[in-house]
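Note sheet for the following structure.
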Amino acid sequence: MKKYNVTIVGGGSTWTPGLLKGICNRQNTFPIKKLVMYDINAERQAVIGEFAKVLFKEEYPEIEFSYTNDKKEAFTEDMDFVFCQIRTGGFEMREKDEKIPLSMGIIGQETCGPGGFAYGMRSIRDMVQLIEDVRAVNKNAWILNYTNPAAIVAVALQEIFPDDKRILNICDQPENLLRSYGKLLDMHERDFDPVYFGLNHFGWFTHLYDPEGNDLLPVLRQKILDGGFRPADAEQRDKSWLETYAMVEQMVRDFPDFLPNTYLQYYLYPDKVLDKLNPEFTRTNEVQAGREKRVFEDCIKVAKQGTARGSNVVHNDAHGEFILIVAESIAHNKGDNFIVILKNNGIISNLPDDAMVEVAASITSNGPRPYAVGEIPTFYKGLIESQYAYEKLTVEAYLEGSYAKALQALTLNRTVVSAEKAREVLDALIEANKGYWPKLK
Ligand SMILES: NC(=O)c1ccc[n+]([C@@H]2O[C@H](COP(=O)([O-])OP(=O)(O)OC[C@H]3O[C@@H](n4cnc5c(N)ncnc54)[C@H](O)[C@@H]3O)[C@@H](O)[C@H]2O)c1
Ligand SMILES: O=P(O)(O)OC[C@H]1O[C@H](O[C@H]2[C@H](O)[C@@H](O)[C@@H](O)O[C@@H]2CO)[C@H](O)[C@@H](O)[C@@H]1O
Ligand SMILES: [Mn+2]
C-alpha cells in the first residue's frame, strides 16, 4: 500500500496529541511515510513534538517524524496532505473575542457573532499566506483545513483561490453529533447515511438513514424530547459543552422539522444563552484551565518518563479521527460519505450558488461529489441567507478594507441586530485587533 507524506500546520495545537494517536491507530489503512509538524510557536511545538517522538517510538517506529518552525522544511514537493489547525492570535485573542462582546451584552463566542467575525478577520490573512506557501512548492497536495471560523475561512479561500480544487474545509461537529446520535440509538456513527444542509456551525440534519434505508430521525427526535441530549463523550466534556448539548432539546421542541447543529443556540436563543455566559470566565478560560493545561502537562510528563502508555492525552476523539478518515477516503478513492463545506452550485437549489454550504458528499480521490439537497423550507432559507450575507460581507470587509461592510456584516448577525450595538462592538474589536486586521476605512 502506498505510504503518504503529511504536514500538520499548527502542530502545537491542543488537538494534536489526539490526532497523532489517530495516526498510530490507522497505520494499516492510512500508512504514513513522513510526518512533519510545523508551528510558529517554537515552545508549544517542542512540547508536542517531544511527546510525539515517544509515542511514535512505541507505536509507529517506522514513521519518519520531525517538527520544525521553518516553512521551508514543512512545505515540500513530496507532501500528499497538509492538515491545518492554526489559531491566529492564540487564546489571548480568543479571550478578547469572547469578552469584548460580552461586556456589551452581546454573545461572545469563538466562531459565532462578533467573536467569530473578529477571529475570521484574523484567520483569513494567515490562511491565505499558508495556501500560497504550500502552492509555491506543491500544486497537488490536499489541504484539509480545520482552522476556524471555518465558515468565513471557506468563503475567503473560495474567493481568493477559486480554481484550487484541493482545498477542503471541514468541521468535526456534524460527525460529533452523529456519534452522539449513535450513542442514543446504539449505532456506529459511520453506519448513518445522513442528509444535512446549512452553513458551517449553522445547519440541520433532515434525515438519518440506517443501512437498510430506514429514516431514524423521527425516533431520535422523540428520544431527545423524552430524555434530553448529551455528547457521546459526555464524561470528558466541560460544563459549558454539556449545557450547549442540552439546548438541543429546546431547539427540537420549538422547531421539530429537523435536528439542529448545537451552534444554532447562539442565534436562536441569544438572550437565554447570554444569561448563562460569565463575562469574567469565558470558554477560553475554561479551555486554558482544562484541555490546554492537561495536554501540555501530560505531554511534558510523557517526554520525561519516556513512555506514552497509560497517558490520558492520547484519547482519540472525533476531531483527530475525522480528518484522518476524510484523508483516507481521498487517498484510496473510497467514496465514503462525510459532511463537508463546499461551494453550493445548486446543491441546495434555493440558495445562492456561491454560498459555502455544509452538506453530505462522497469523498473520492477526485474530491467531494456532493448529494443534492433540493429546496429547503422558508424559515431555514431565511436564516441561512441572512447568515451567508453576514459571512460574505465579512470577507468583503477584509478584502476591501471596508468599515461600511464590516458594520453591515455585524448588523446582519442575529446575535447583534442593532446597528448601534454593531458599531460599538466593531470599534472595540478594531482597537483590540490592531496588527491582525487590515485597516478598515
Ligand atoms: N473545524 C473544526 O471543527 C475545529 C474543531 C476544533 C478546533 N478547530 C480549530 O483548530 C485550531 C486549533 O485549535 P486549538 O484550540 O488547538 O488552538 P491552539 O491555539 O491550541 O493551537 C493552534 C496552534 O496554531 C499555531 N499557529 C498560529 N498561527 C499559525 C501560523 N500562521 N502558522 C502555523 N502555526 C500557527 C499556534 O502557535 C498554536 O500552537 C483553531 O483554529 C480552532 O478553532 C476547528
Ligand atoms: O471550545 P473548544 O476549544 O473546546 O472547542 C471549540 C470547537 O468545538 C467544536 O469541536 C468539538 C468537536 O466537534 C468534538 O469532536 C470534540 O472534540 O469537542 C470539540 C469541542 O470541545 C467545533 O466543531 C469546533 O469548530 C470548535 O473549534
Ligand atoms: Mn467546527
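Read the figures in this text as sums done on the coordinates, not as results from a lab. Computed from a predicted structure; not experimentally measured. Methodologically, a virtual Cβ is constructed for each residue, glycine included, from the backbone with ideal geometry; neighbour enumeration extends over all protein chains shown.
Structure notes:
- Checking every residue in segment 380-389 against the condition of being under 26 Å from Ile143 (Cα atoms) and touching a residue at least 24 places away in the same chain (Cβ under 8 Å) gives at least one match.
- Pick from segment 110-138, criterion of a type in the set (Gly, Ala, Ser) and crowded, with 24+ Cβ neighbours inside 10 Å, ranking: nearest to ligand 1 (Cβ to nearest atom): Ser123
- Segment 137-157, residues that are aromatic (Phe, Trp, Tyr) and within 11 Å of ligand 2 (Cβ to nearest atom): Tyr146
- Here segment 8-32 is the region considered, the condition is being in a helix (DSSP H, G or I) and of a type in the set (S, T, N, Q), and the residue that is farthest from ligand 2 (Cβ to nearest atom) is Asn25.
- Across segment 21-73, the number of residues qualifying as under 20 Å from Lys293 (Cβ atoms) and either under 22 Å from the mean Cα position of the chain (by Cα) or away from ligand 1 (no atom under 16 Å from the Cβ) (or both) comes to 8.
- Scanning segment 308-357 for residues that are hydroxyl-bearing (Ser, Thr, Tyr) and farther than 30 Å from Glu396 by Cα, we see that the one that is surrounded by the most Cβ atoms within 10 Å (Cβ to Cβ) is Ser329.
- Checking Met93 against (1) outside any helix (DSSP H, G or I); (2) within 16 Å of ligand 2 (Cβ to nearest atom); (3) not charged (D, E, K, R), the condition it does not meet: (1)
- Of all residues in segment 139-165 being within 9 Å of ligand 1 (Cβ to nearest atom) and β-branched (Val, Ile, Thr), the one that is farthest from Thr394 (Cα to Cα): Thr147
- Test: Ile40 is among the β-branched types (Val, Ile, Thr) and buried (at least 18 other Cβ atoms within 10 Å of the Cβ): no
- Residues that are away from ligand 2 (no atom under 13 Å from the Cβ), under 30 Å from Phe205 (Cα atoms) and buried (at least 16 other Cβ atoms within 10 Å of the Cβ), drawn from segment 270-307: Pro270, Val273, Leu274
- Any chance Ile48 is outside any strand (DSSP E or B), touching a Ser or Thr at 6+ places or on another chain (Cβ under 7 Å) and not polar (S, T, N, Q): yes
- Taken over segment 384-419, residues that are more than 20 Å from Leu157 (Cβ to Cβ) and either touching a strand residue (DSSP E or B) at 6+ places or on another chain (Cβ under 6 Å) or polar (S, T, N, Q) (or both) amount to 6.
- Matching residues in segment 1-19 - criterion: being within 19 Å of the chain's Cα centre (by Cα) and more than 11 Å from Phe83 (Cβ to Cβ): Gly12, Thr14, Pro17, Gly18
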